[in-house]
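The next block holds one structure in the form of structure tokens; read it before the comments.
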Amino acid sequence: MEQLRLQATPRTVIGKQVKQLRRAGLLPGIIYGSSIEPLAVQFDAHEARSIANQAGSSSLINVYVAGTPTPYSVIIRDVQWDYLKRVLIHLDLQALSMTEKVRIQISINLVGTAHAVEELGGVLLHLVNEIDVECLPSALVPAIDVDISGLTQIGDSISVKDILVPEGIEVLTDAEETVVQISAVVEEVEEVEEIVVEPEAGDVEVIGQEEEGAETEE
């Protein structure tokens, strides 16, 4: 995958005043890490959104900050959205050391077509959307593809141990955990409740009642 790059400039505007940046087409953000002081930055909003969509949460991005000689190698740690306006409003980036391994979650991307779904009417259950991994930052990828074309029968499944991961990535998730499975369609059977109608108390004849009454009148 092509190395992702993002341009930034140091940011002096903070607090509620960052609305001014957004109106000017800029996106506020911050870069932080264990070996650096937090650095407030700003990006071109359009460029930052494009990079964020490509990177997801597990791709390495080189951020070039104006006035800094070397880029920061970062991953996206938090993305804040204005869901009403559907715009990105803040970006949190974590700087990584290229010589230290990182533990992170990588998304599972299903590819191909399952025969059991197309031909047999099965239901594809995607049970694990992300797996925990450990690797050097240089080995990070936005997602791991899982080919489901081999799922040909009802009950077929793919476990974590079946996933082919890129070189340099160690999977930490339980190897026996099921990632995807083909299930049969279960038809709901409507239960008909049997209604038993019992006679009202006034309709019950008490045997011998009239005879006892007749004897009394005599």
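What the table shows:
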quantity	calculated
Estimated inter-spin distance, Ser149 and Thr178, nm [label 7 Å along Cα→Cβ]	2.4 nm
Counted charge near Trp81, where neighbours are those whose Cβ lies closer than 14 Å (Asp, Glu -1; Lys, Arg +1)	+1
Under 25 Å from the Cα of Lys85 - lysines, other chains or at least 8 residues apart	Lys16, Lys19
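Here, each number is a calculation from the coordinates, and none is a lab measurement. Bear in mind that the values here come from a model prediction, so they are computed numbers and not experimental data. With ideal geometry, Cβ positions are generated from the backbone for all residues, glycine too; neighbour counts draw on all protein chains shown.
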